[in-house]
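The values are calculated or read from the model by the stated rules, or taken from the named source; none is laboratory data. Since we're looking at a predicted model, the values are computed, not measured. Every residue, glycine as well, gets a Cβ built from its backbone with ideal geometry; the counts of neighbours run over all protein chains shown. Keep in mind that these areas ignore ligands, DNA and RNA; they rest on the heavy atoms of the full protein, side chains included. Shrake-Rupley method; radii C 1.70, N 1.55, O 1.52, S 1.80 Å.
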Amino acid sequence: MALPTRPTRLAPNPGGETATTSGHWLMLAVLLLGQFMCIIDVLVVNVAMPSIAASLHASGASLQLVVGGYTIAYAMLLITGARLGDRYGRRRAYLAGVLIFTAASLACALAPDSQALIGFRLIQGAGAAVLVPQVFSIIQLNFTGPARARALSAYAAVLSAGAVAGLVLGGVVVTADLFGTGWRPVFAINVPVGIVLAAVVPRLVPPDETSAGRAKQLDLAGLAAAVGAVLLIVLPLVLGHGEGWPAWCFGCMAAGAVLAAGFVLVERRVAARGGDPLLNLAVLRAPALPSGLVTLAAMQIGYGGLLFAFTLHLQAGLGESALRAGLSYLPMAAVFGLAGYNWRRLPAATRRVLVPAGLAVSTLAYLSLAVGLHTGAGALTWTGLAVAGLGLGLSVSPLLTQSLTHVPPARAADASGLLTTTVQLGQLLGVAALGSIYLSRAAGSGSSATGRAAASAAAMSGTACWLAALSVAGLLAAAVMVRAARGR
């Protein structure tokens, strides 16, 4: 089913073409380059951890915050970033995010110690949170009909394949050890990209239409509640396993859940008074969006857990280098990207049920991965990993399209914040929960390489079974979403 349309905000060219000129697609490429730069930094440092630890003498807790600090700031401020774009203009917000992210990336590359690196990673995540929501909103407002669906397919492919690309890129850069700088180019490579984006965005991305109405007020009470809730939930998830899951972790998460409920009450009160809530909960009345968010959460929990646990299996369990660990994901990334972009070539009747079908493929892939790891069948293991990319590629892109079918254009910023926040919190929850399952099963493997490899394979096999269970849960939610998107 086609997404709701809206007149494009770009002026027609002299030849009379409007919504699908080459300039639109060049604009999309520029926007997605910024999106890609931010997404890969979620996991680009994972394979660089040994190098960072040796260079900065970082403790285990510091390394966790180097990885998780970016995601914490990113997840906390995504909804706020979408609202800032709605208030001050999406092009302006995108450009501000690029500048913040680029400056923070340079600071990360030059960080003298782990404490400074953690602080700069938090700023980097904040910049990404301002930049990323604007991409989705600009697509919604400047593409119509089939062109919008193709643009969203490209958006979803970048969104979903970026984390795998981050692992691959991190492994390549760390192993290359450019000019003897070790891990630092992992961050420095963002700087020239950011400079290019800062130069071309004002030329290629149109400004928002000005409105004669009143300027929207920033919901500070909602912002405080949202930031507090996300921080209280996310920080224990990042640090819990390393700390042995003490009582304060669960107390913080319970307090975060209470504060999240308070956020809902605050937003309803602001809306009832005629104000401008940080997140207009009316967007959840769109029939397919709630079930689509549940489906997306299940998929991203499994995706984040797979990347984290399997990377640990490759490096800690099998003793692979950063380069080989990163390159191991290339088949998955390639299948993921190709399927995510080309799914619209399938017949219309097939596209309507593609999300449940993709999740069914993912379930079989994870079960194959579990069997291959358990039996030592290498071919089955790597086939399962590639097929997992196929299942995710077939399901993520149409999921975005179908879940947004009934979302009004005026609620694009709210939908963007919800979707991107679900992606990040889902992946972080996967790292925490599925990572803990893997680590607990892999513990006590002994000091021999053979013992570590066997224990790691068994732990990863068990984790893959949980991944299959998550895919089944997502499949059930997807069935509800498909019916809602078709108006039944």
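Which residue, of 74, 70, is open to solvent by less than 30 Å² (accessible area, probe 1.4 Å), part of a helix (DSSP H, G or I) and in contact with a Lys or Arg (Cβ under 9 Å, 6 or more places away or on another chain)? The match here is 70.
Given the structure, is residue 123 β-branched (Val, Ile, Thr) and either over 21 Å from residue 204 (Cα atoms) or not in a helix (DSSP H, G or I) (or both)?
yes
Would you check if residue 398 is open to solvent by 60 Å² or more (accessible area, probe 1.4 Å) and assigned to a helix (DSSP H, G or I)? No; evaluated as a whole, the condition is false for this residue.
Among the residues of segment 327-357, the ones that are closer than 19 Å to residue 380 by Cα and of a type in the set (Gly, Ala, Ser) come to 3 in all. Among the numbered conditions (1) crowded, with 24+ Cβ neighbours inside 10 Å; (2) within 22 Å of residue 187 (Cβ to Cβ), the only one that residue 133 does not meet is (2). When each of 331, 347 is tested for being closer than 25 Å to residue 36 by Cα and not charged (D, E, K, R), the lone residue that passes is 331.
Just one of the numbered conditions (1) hydrophobic (A, V, I, L, M, F, W, C); (2) under 18 Å from residue 306 (Cα atoms); (3) under 21 Å from the mean Cα position of the chain (by Cα) is not true of residue 457: (3). Of all residues in segment 141-189, those that are over 22 Å from residue 82 (Cα atoms), surrounded by 20 or more Cβ atoms within 10 Å (Cβ to Cβ) and aromatic (Phe, Trp, Tyr) total 2. Taking segment 446-456 as the range and being open to solvent by 20 Å² or more (accessible area, probe 1.4 Å) and in contact (Cβ under 8 Å) with a residue 12 or more places away in the chain as the test, the residues that pass are 449, 452, 453, 455. The numbered conditions (1) at pLDDT 85 or above; (2) small (Gly, Ala, Ser); (3) open to solvent by 30 Å² or more (accessible area, probe 1.4 Å) are all true for residue 111 except (3).
Taken over segment 315-330, the criterion of being among the aliphatic types (A, V, I, L, M), assigned to a helix (DSSP H, G or I) and within 20 Å of residue 449 (Cα to Cα) is satisfied by 316, 322, 323, 325.
Residues that are surrounded by 15 or more Cβ atoms within 10 Å (Cβ to Cβ) and under 26 Å from residue 281 (Cβ atoms) within segment 237-254 comprise 237, 252, 253, listed in sequence order.
Can you confirm whether residue 425 is part of a helix (DSSP H, G or I), without any contact (Cβ under 8 Å) to a residue 24 or more places away in the chain and open to solvent by 40 Å² or more (accessible area, probe 1.4 Å)?
On the way: part of a helix (DSSP H, G or I): yes; without any contact (Cβ under 8 Å) to a residue 24 or more places away in the chain: no; open to solvent by 40 Å² or more (accessible area, probe 1.4 Å): yes.
In short, no.
Tell me yes or no: at least one residue of segment 164-171 is in a loop (DSSP other than H, G, I, E, B) and either modelled with pLDDT under 80 or more than 21 Å from residue 401 (Cα to Cα) (or both). For segment 164-171, residues in a loop (DSSP other than H, G, I, E, B) and either modelled with pLDDT under 80 or more than 21 Å from residue 401 (Cα to Cα) (or both): absent.
Of the candidates 452, 488, 411, the single residue that is of a type in the set (Lys, Arg), at pLDDT below 85 and under 24 Å from residue 310 (Cβ atoms) is 452.
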